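S.K.: Just passing along the structure, written as structure tokens.
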Amino acid sequence: MAEPLLPALSRLRAEILDDEHLVRALATGRRRGREEPRYRRVELRYVDLKGGRHLQVTAYDGTQALTSNHRDPREVLDDLLDLPFGNWHVDTDVRSHQLRVTKKGEALLHTTERAEATAPQRSHDQAKERLLAEDHPVLRALGIADEQGRVKPSRQAKYRQVEEFLRALDAALDDATRAGRLRVPTTEDPLRVVDLGCGNAYLTFAAHAWLSERLPVALTGVDVKEQSRRHNSEVAAGLGVDGSVRFVQAGIADVQLEQAPDVVLALHACDTATDDALFRAVEWEADLVLAAPCCHHDLSAQLRREPTPPGYDALTRDGILRERLADTLTDAVRASLLRIEGYRVDVVEFVDSAHTPRNTLLRAVRTSGPGRDRSGDREDYDRLVGTWRLRPALAELLAGRGA
Ligand SMILES: C[S@@+](CC[C@H](N)C(=O)[O-])C[C@H]1O[C@@H](n2cnc3c(N)ncnc32)[C@H](O)[C@@H]1O
């Protein structure tokens, strides 16, 4: 039953300030009719540092995670409780509290007892801790870690890239599930995830290892190379996960899956293979799409061919700026087209640029089917591609639907 918001938040405040029992707290979403909170999501937990126990706050804005530690947590907590988040989820070792703010600005607070007590983790800087420990068997099987379970120096960048992609996937799944945008999978009907352009399937296996400990999941890796399919299928059999991870040799544009996936992943699928992946995601009506594009040759070539619109010469005169402009235009156009197709899209950095320059991630959650008025998005998109005389690959694919 709904109740006044302030006393309900104040009860949660007391639970969060209880550093003996808090496991973690999470604030997400926005209250109806209110502005977006400063952060998309905030996670709170206690960590034991040299100077004693601190509240660790990890705040996700549009582009990155900001972590801070607070010896006296009251001020920062009060600031966070003042933000117009729509949901608070607080886990203690014995209880879970779920608070949702209603349309009328009241609180719906639901408390459940945990079937089994969970001990809070207080280790330092868990935000930087690995989702997959270095000695996880999957990393050895993939050749990322050596026999002693240490990541090989030459594979550090790949390890970090996959870890950060997993972190983004984990947060996106969590957000989409809480917002009711993603179905709750069951053993009979597991979450269907496809990894398009999977290559050696580092991400596919890592995602399986991470997700399968949390929910029923079935993964399919797709790559145009037969050698990839053969090698990855052997690794799956060696790990004993071939029942829930399978590989298909096919082009992204024409792969046939038995059932449409819920989640589409594409990590560095080359050039317009990312457009193929986004197009298939739209066709499949996938609820969640995470795509980190690779090289951007298509629009780059178009920019070289077409005359620069009046007033923009400074952007295209020098090769390096023209290439960067092409990168930006490519991903901006992809995001716009997905919005027109009914997705909520963020373009974020998923791994530090020191580790790879290919560090952009398109994160798209399906929010509506056809029918919602997208004319504003469409006008903006038409103006952008009209000004630059672009014919983006994804637009061509979408235009050809049903043809
Ligand atoms: C740069 S690799 C990335 C591999 C993997 N996702 C990763 O990040 O480790 C790109 C992969 O996409 C595959 N690929 C490129 N175009 C494709 C297409 N149209 N259909 C299927 N696979 C494709 C390539 O064979 C290659 O294995």
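The values are calculated or read from the model by the stated rules, or taken from the named source; none is laboratory data. All values derive from a computational prediction rather than experimental measurement. When we count neighbours, we look across all protein chains shown, and the Cβ atoms used for this are built from the backbone with ideal geometry, even at glycine.
S.K.: Evaluate the following for residue 239: is it farther than 25 Å from residue 287 by Cα, touching a strand residue (DSSP E or B) at 6+ places or on another chain (Cβ under 9 Å) and touching a residue at least 12 places away in the same chain (Cβ under 8 Å)?
M.R.: Considered against the rule, which asks whether it is farther than 25 Å from residue 287 by Cα, touching a strand residue (DSSP E or B) at 6+ places or on another chain (Cβ under 9 Å) and touching a residue at least 12 places away in the same chain (Cβ under 8 Å), residue 239 comes out as yes.
S.K.: Further, regarding this structure: So, residue 181, is that one part of a loop (DSSP other than H, G, I, E, B), more than 16 Å from the ligand (Cβ to nearest atom) and touching a strand residue (DSSP E or B) at 6+ places or on another chain (Cβ under 6 Å) or not?
M.R.: So residue 181 passes the test.
S.K.: Could we say that residue 8 is in a strand (DSSP E or B) and of a type outside the set (Phe, Trp, Tyr) here?
M.R.: Answer is no for this residue.
S.K.: Oh, and also: Is there a residue in segment 205-225 that is near the ligand (Cβ under 8 Å from one of its atoms), in the same structural domain as residue 161 (by TED's automatic domain parsing) and in contact with a Phe, Trp or Tyr (Cβ under 9 Å, 6 or more places away or on another chain)? Steps first, please.
M.R.: Narrowing segment 205-225 to residues near the ligand (Cβ under 8 Å from one of its atoms): 222-225.
The next check asks that each one be in the same structural domain as residue 161 (by TED's automatic domain parsing); those that pass are 222-225.
This time we only want the ones that are in contact with a Phe, Trp or Tyr (Cβ under 9 Å, 6 or more places away or on another chain), so: 222-223.
Looking for residues that are near the ligand (Cβ under 8 Å from one of its atoms), in the same structural domain as residue 161 (by TED's automatic domain parsing) and in contact with a Phe, Trp or Tyr (Cβ under 9 Å, 6 or more places away or on another chain), one finds at least one in segment 205-225, hence yes.
S.K.: Further question on the same structure: Just to be sure before I move on: is residue 272 within 16 Å of the ligand (Cβ to nearest atom), among the hydroxyl-bearing types (Ser, Thr, Tyr) and either crowded, with 16+ Cβ neighbours inside 10 Å or more than 21 Å from the chain's Cα centre (by Cα) (or both) in the structure I sent?
M.R.: Considered against the rule, which asks whether it is within 16 Å of the ligand (Cβ to nearest atom), among the hydroxyl-bearing types (Ser, Thr, Tyr) and either crowded, with 16+ Cβ neighbours inside 10 Å or more than 21 Å from the chain's Cα centre (by Cα) (or both), residue 272 comes out as yes.
S.K.: Suppose the filter is modelled with pLDDT of 90 or more, out of contact with any helix residue (DSSP H, G or I) (no Cβ under 9 Å at 6 or more places or on another chain), away from the ligand (no atom under 16 Å from the Cβ) and farther than 26 Å from residue 167 by Cβ; does residue 340 pass it? Outline the logic, then answer.
M.R.: Details: modelled with pLDDT of 90 or more: yes; out of contact with any helix residue (DSSP H, G or I) (no Cβ under 9 Å at 6 or more places or on another chain): no; away from the ligand (no atom under 16 Å from the Cβ): yes; farther than 26 Å from residue 167 by Cβ: yes.
No.
S.K.: Within segment 146-170, work out how many residues are without any contact (Cβ under 8 Å) to a residue 12 or more places away in the chain and either of a type in the set (A, V, I, L, M) or in contact with a Lys or Arg (Cβ under 8 Å, 6 or more places away or on another chain) (or both).
M.R.: Residues flagged as without any contact (Cβ under 8 Å) to a residue 12 or more places away in the chain and either of a type in the set (A, V, I, L, M) or in contact with a Lys or Arg (Cβ under 8 Å, 6 or more places away or on another chain) (or both) within segment 146-170 amount to 2.
S.K.: Where residues in segment 311-334 are assigned to a helix (DSSP H, G or I) and of a type in the set (Lys, Arg), which of them is nearest to the ligand (Cβ to nearest atom)?
M.R.: Here the answer is 334.
S.K.: Separate question: Name every residue in segment 224-243 that is part of a loop (DSSP other than H, G, I, E, B) and charged (D, E, K, R), in order of residue number.
M.R.: 225, 242
S.K.: Is there a residue in segment 248-256 that is on the phi > 0 side of the Ramachandran plot, within 14 Å of the ligand (Cβ to nearest atom) and either of a type in the set (Phe, Trp, Tyr) or within 23 Å of the chain's Cα centre (by Cα) (or both)?
M.R.: no
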